[in-house]
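Okay, so here's the structure we're looking at.
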């Protein structure tokens, strides 16, 4: 679990890795998700840097109080003993007396800050998710990696919506077992969208993997990431009502059936 705090290494990364993605030709809007939930705000990418409203980002982290200081004409946020200010006039972000340069602006009454800089000085992690087409932010106190939770909960929801919790966990187990297997890619996102031998999961083909996950799927995903398992080392599953599973039946060993799915080692 990450703890809220500022380290020299994190601050150095914020200064040297200001861009979330390589430089883009023109400004465009992009999604930003924090701990698996997409921010309900307009975020934009300009010259390789992603910008987000400061209040929305810190509200997603939790524990921050944010206000506009009319005297200094800067946004000020406080969490415990940490004080952060974002000054659009000076283009700076200051945290507990340490100042860092970054384009800060006010748009439609909202203070926009460089995502990677603001997140990093708060102790959060940021990666660019090429499938999402935006940034995935893991908050300082998060128990799960944001990108992992985002895609695992969505593939569980799309593949096993309406199934018992045991079956939803089983689908998540197959995904993580593939991550651990030399036969498959080594991240949850890459496993979900693996197309080396054809698309592996039907929801990727029909687009339902992009739908918001059910609450039970999010719960199942967290349980799987915490180590819950119901199908051992199974790497495959299929629903007989939707597929004959000819290759799986001929090449893999049957393990068990949960709900509408048959699972194979």
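Bear in mind these aren't lab numbers, they're just calculated from the coordinates by the rules spelled out. Remember, predicted model here, so these are calculated numbers, not experimental data. Positions of Cβ are generated from backbone atoms using ideal geometry, with glycine treated the same way; all protein chains shown enter the neighbour counts.
Does the chain classify as rounded, prolate or oblate by the C-alpha gyration tensor (a ≥ b ≥ c root eigenvalues; a/c under 1.5 gives rounded; else a/b over b/c gives prolate, otherwise oblate)? Here the chain falls in the prolate category.
Springs join every pair of Cα atoms under 10 Å in this Gaussian network model of the chain, and among 220, 241, 146 the largest mean-square fluctuation is at 241.
Here the range 89-211 carries DSSP beta bridges of which approximately 90% are antiparallel, counting only pairs with both residues inside. Rounded to the nearest 10 degrees, the inclination of helix 146-160 to the longest alpha-carbon principal axis of the chain is 30 degrees. Rounded, prolate or oblate: pick one for the range 151-265, where a ≥ b ≥ c are the square roots of the eigenvalues of its C-alpha gyration tensor, a/c under 1.5 means rounded, and failing that, prolate if a/b is larger than b/c, else oblate. Cα axes put the range 151-265 in the rounded bin.
What's the angle, to the nearest 10 degrees (0 to 90), between helix 165-180's Cα axis and the longest principal axis of the chain? It works out to around 80 degrees.
For the range 8-138, the alpha carbon positions stretch 40, 29, 27 Å along the principal axes, listed from largest to smallest.
Scoring 131-141, 189-199, 30-40, 78-88 by mean Cβ neighbours within 10 Å over their residues and listing the highest first yields 131-141, 30-40, 78-88, 189-199.
Among 130, 107, 154, the largest mean-square fluctuation in a Gaussian network model of the chain (Cα springs under 10 Å) belongs to 107. With contributions of -39500 (n - 2.57) from each DSSP H run of at least four residues, the per-residue ellipticity at 222 nm computed over the chain stands at -9000 deg cm²/dmol. Between the alpha-carbon centres of the range 197-212 and the range 41-74 there is a gap of 33 Å.
Peptides 206-216, 57-67 ranked from most to least packed give 57-67, 206-216, packing being the mean of other C-beta atoms within 10 angstrom over each peptide's residues. Return one number: the angle in degrees, 0 to 90 and rounded to the nearest 10, between the long axis of the Cα atoms of helix 215-225 and the longest principal axis of the Cα atoms of the chain. Helix 215-225 and the main axis of the chain meet at about 90 degrees. For the range 148-163, the residues whose amide N sits under 14 Å from a probe point set 7 Å from the Cα of residue 131 along the beta carbon direction are 148-159. The separation of the range 106-162 from the range 239-265, counted between C-alpha centres, amounts to 34 Å. Taking a ≥ b ≥ c as the square roots of the eigenvalues of the Cα gyration tensor of the range 62-192, is the shape rounded (a/c under 1.5), prolate (a/b larger than b/c) or oblate? Since a/c reaches 1.5 and a/b is larger than b/c, the shape of the range 62-192 is classed as prolate. Each Cα pair under 8 Å and six or more residues apart adds its separation to the average, and for the chain the resulting relative contact order is 16 percent.
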